[in-house]
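Trainee: Dumping the structure here so I can ask a few things about it.
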Amino acid sequence: QVQLVESGGGLVQAGGSLRLSCAASGSIFNIATMGWYRQAPGNERELVAVITRGASTNYADSVKGRFTISGDNSKNTAYLQMNSLKPEDTAVYYCNAKIRGSYSLRYDDYWGQGTQVTVSS
């Protein structure tokens with residue numbers, strides 16, 4: 001059984017910062033990627049940022065230069081540092097990871113429970 005547990009999020013004024021964390025636990029053989037998606041009311045879920053085990057990163061254009069994703073392979077944890085937050089960043093943020101379980105030969109998608117980020121103007 002693999003779980004993703006998120007922490008962080010909350011309410012912040014425009015221009016402020018927040019840091020999200022996502023820790024993977026359970027019977028894990030390897031993690032290929034960890035990332036963050038977000039979904040605002042009435043919108044589809046969209047990719048925010050992703051990091052590979054080798055520390056390659058990719059960002060949505062809307063967050064480049066403001067958000068930074070990082071990872072700690074020893075802790076199976078990813079972080080999303082969000083600076084210069086804007087009201088349009090308001091959404092539920094979901095952690096995603098592509099994980100090969102200890103008893104599996106394939107990589108599966110796992111999702112966190114979601115954490116609310118609200119940016120007031």
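Trainee: Of the residues in region 90-107, how many are closer than 23 Å to Ser56 by Cα and either in contact with a Gly (Cβ under 7 Å, 6 or more places away or on another chain) or free of Cβ contacts under 8 Å to residues at least 40 places away in the same chain (or both)?
Mentor: 5
Rundown of residues vs (1) in contact with a Pro (Cβ under 9 Å, 6 or more places away or on another chain); (2) farther than 18 Å from Gln113 by Cβ; (3) surrounded by 13 or more Cβ atoms within 10 Å (Cβ to Cβ), yes/no style:
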{"residue": "Glu6", "(1), (2), (3)": "no, no, yes"}
{"residue": "Leu18", "(1), (2), (3)": "no, no, yes"}
{"residue": "Ser27", "(1), (2), (3)": "no, yes, no"}
{"residue": "Thr68", "(1), (2), (3)": "no, yes, yes"}
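Trainee: Determine, yes or no, whether Arg45 is on the phi < 0 side of the Ramachandran plot and in contact with a Lys or Arg (Cβ under 8 Å, 6 or more places away or on another chain). So that I can check it myself, show each step before the final result.
Mentor: Values: on the phi < 0 side of the Ramachandran plot: yes; in contact with a Lys or Arg (Cβ under 8 Å, 6 or more places away or on another chain): yes.
Yes; evaluated as a whole, the condition is true for this residue.
Trainee: Answer yes if at least one residue in region 27-45 is over 18 Å from Gly8 (Cα atoms), in contact (Cβ under 8 Å) with a residue 60 or more places away in the chain, assigned to a loop (DSSP other than H, G, I, E, B) and in contact with a strand residue (DSSP E or B) (Cβ under 7 Å, 6 or more places away or on another chain), and no otherwise. Working first, answer last.
Mentor: Start the filter on region 27-45 by keeping residues that are over 18 Å from Gly8 (Cα atoms), which leaves 27-33, 41-45.
Now restrict to residues that are in contact (Cβ under 8 Å) with a residue 60 or more places away in the chain: 27-33.
If we keep only those that are assigned to a loop (DSSP other than H, G, I, E, B) too, we end up with 27.
Those still in the list that are in contact with a strand residue (DSSP E or B) (Cβ under 7 Å, 6 or more places away or on another chain) too: 27.
Yes, there is a match, as at least one residue in region 27-45 is over 18 Å from Gly8 (Cα atoms), in contact (Cβ under 8 Å) with a residue 60 or more places away in the chain, assigned to a loop (DSSP other than H, G, I, E, B) and in contact with a strand residue (DSSP E or B) (Cβ under 7 Å, 6 or more places away or on another chain).
Trainee: Still on this structure, I have one more. Counting just the residues of region 75-90 that are open to solvent by 60 Å² or more (accessible area, probe 1.4 Å) and in a loop (DSSP other than H, G, I, E, B), which one comes out nearest to Ile51 (Cα to Cα)?
Mentor: Ser84
Trainee: Conditions first: (1) surrounded by fewer than 18 Cβ atoms within 10 Å (Cβ to Cβ); (2) more than 17 Å from Tyr37 (Cα to Cα); (3) at pLDDT 95 or above. Tyr103 passes all but one, so which condition is the exception?
Mentor: Unmet for Tyr103, out of (1) surrounded by fewer than 18 Cβ atoms within 10 Å (Cβ to Cβ); (2) more than 17 Å from Tyr37 (Cα to Cα); (3) at pLDDT 95 or above: (3).
The values are calculated or read from the model by the stated rules, or taken from the named source; none is laboratory data. Only a predicted model underlies this, so the values are computations on that prediction, with no experimental measurement involved. Cβ atoms come from the backbone with ideal geometry, glycine included; neighbour counts cover every protein chain shown. Ligands, DNA and RNA are stripped out before the accessible areas are found, and what is left, the full protein with its side chains, is counted by its heavy atoms. Shrake-Rupley method; radii C 1.70, N 1.55, O 1.52, S 1.80 Å.
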